[in-house]
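Structure record follows, encoded as structure tokens.
The values are calculated or read from the model by the stated rules, or taken from the named source; none is laboratory data. In this text the structure is predicted, and so the values were computed from the model without any measurement. Neighbour counts run over all protein chains shown; Cβ positions are idealised from the backbone, glycine included.
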Amino acid sequence: MNIQLKIHRLGRLILVAFMLFGIVGCAAGGNDSSAELVTSTGFVCPEPNPRVEFESKEINIFTWTEYVPADIIDCFGLVYGVDVNVDYFSSNEELYTKVSFGESVNPYDVIHPSDYMIGVLIREGLLQKLDAGKLSNNKNLDTGLIQAYGDSVNYVVPYQMGTQAIVYNSETVKTPPTSWADLWSSEYEGRIVSVDDNRVVIGAALLTLGYDVNTTDEAQLEEAKQKLLELMPNIRVFDSDSPKTPLLAGDVDLGIVWNGEAFLAQQENPAFKYVFPSEGSIIFYDGMGIPNNAPHPDASYAWFNYMLQGDLSWLTLVDYPYTSPNAAALDYAKANQTEVYDAYMASTVTNTPAEEFTNGHEVKDLGAALSLYDEIWTEIKQ
């Protein structure tokens, strides 16, 4: 782990120890002290601003693995005095399977769909339209970055965004890749980890062939399938839970990964380099939405507003550092957590250059044609 972030986390624990000592001392002296709420890691929870009143005693969240900092989850439960139940998924398809089957298997109040899946859920009536009047902290979002969400901001609150590209170990890879096409090199046989995401991997193949990542042309998709079958010997493992793990373990030397995972790998081992492919990265953006049959939608709005607070959401810059559309989080980090802010801003992995978003490719909802991608994915993974 980067030494600055190690020091930062240790400093948090020391600071909280002193604060807790002071609180205990005041209580022993008979003063009426309102003790601050502290998580098990020592993080002092900020007060909700605004505090959203709701009657529910619990909130059920369905999110990506390794995506929402544990301190944020714990703080919400502490400041509101409710149970926070969290389940995790590894792909948009897994999310869709649960959400589309109704209340018996979808008891969720908040879900975290990404890019094209947001469109699918909206089209199928599986997301509630948001009440903008209940989202006062939307003002904390970067108006420039959230343009990527388009009209979907009527259904999801922007959370994280970024790129899906290539990471490699510069100490073990003799010929560094510069394009998606390079990943087909026989030099990389059995040396690649890839996110388990059909739109990303099929999209990469389409780009090497000069096709659009959203094509519905069956001939082009067949060509992409054959191209992917040629790539399969190079892919040692599919992993969307933590693709950095086999990289750091030395099991593989290259990866098709999200930018946040690449940044965390770099913090552990600076030999890892992140490459924006010459054909263009695949862009993603994630949001927080309310399923149409959510049992506690009143708690959902409290969650959204708390998540948007800069003095809380800066934690994502440390734990899961993708590209943050939360301007308040960056402002808070700049003023109060300078080492975190400087590391984020100095890296093109997290602070994605504007031209990479411009040159990148967004995967979109393709309606019934999505089944074509599912069929290809099933065939190549047999």
Requested in this report: Could you pull out every one of the helices (runs of 4 or more DSSP H) wholly within the range 195-303 that has 3 or more residues that are without any contact (Cβ under 8 Å) to a residue 12 or more places away in the chain?
Outcome: 218-231
**Report entry** Tabulated pairs, the range 358-374, first more than 18 Å from S114 (Cβ to Cβ), second at pLDDT 95 or above and of a type in the set (S, T, Y), C-beta under 7 angstrom, 6+ apart or interchain
**Finding:** A369/T216; L372/T216
Query raised in the report: Could you count how many residues in the range 136-172 are crowded, with 18+ Cβ neighbours inside 10 Å and not in a strand (DSSP E or B)?
Result: 9
Report summary line: When every residue in the range 334-352 that is out of contact with any Ser or Thr (no Cβ under 9 Å at 6 or more places or on another chain) and without any contact (Cβ under 8 Å) to a residue 60 or more places away in the chain is compared, the one surrounded by the fewest Cβ atoms within 10 Å (Cβ to Cβ) is A346
**Report entry** Candidate set: the range 363-381, residues that are touching a Phe, Trp or Tyr at 6+ places or on another chain (Cβ under 8 Å) and not aliphatic (A, V, I, L, M); chosen: the one surrounded by the fewest Cβ atoms within 10 Å (Cβ to Cβ)
**Finding:** K381
Report summary line: For the range 121-147, pairs from a residue that is within 30 Å of T97 (Cα to Cα) and not assigned by TED's automatic domain parsing to the domain that holds A327 to a residue that is outside any loop (DSSP other than H, G, I, E, B) and of a type in the set (D, E), with Cβ under 6 Å and 6 or more apart or across chains, are none
Report task. Return a yes/no flag: does the range 319-328 have any residue that is more than 28 Å from I166 (Cβ to Cβ) and in a helix (DSSP H, G or I). Result -> yes
**Report entry** Single condition A368 does not satisfy, out of (1) over 22 Å from the mean Cα position of the chain (by Cα); (2) small (G, A, S); (3) farther than 27 Å from V110 by Cα
**Finding:** (3)
Report summary line: Going through the range 320-333 in order, the residues found to be farther than 15 Å from A262 by Cβ and crowded, with 16+ Cβ neighbours inside 10 Å are S324, P325, N326, A327, A328, A329, L330, Y332, A333
Report task. Would you tally the residues in the range 76-90 being of a type in the set (G, A, S) and out of contact with any Asp or Glu (no Cβ under 6 Å at 6 or more places or on another chain)? Result -> 2
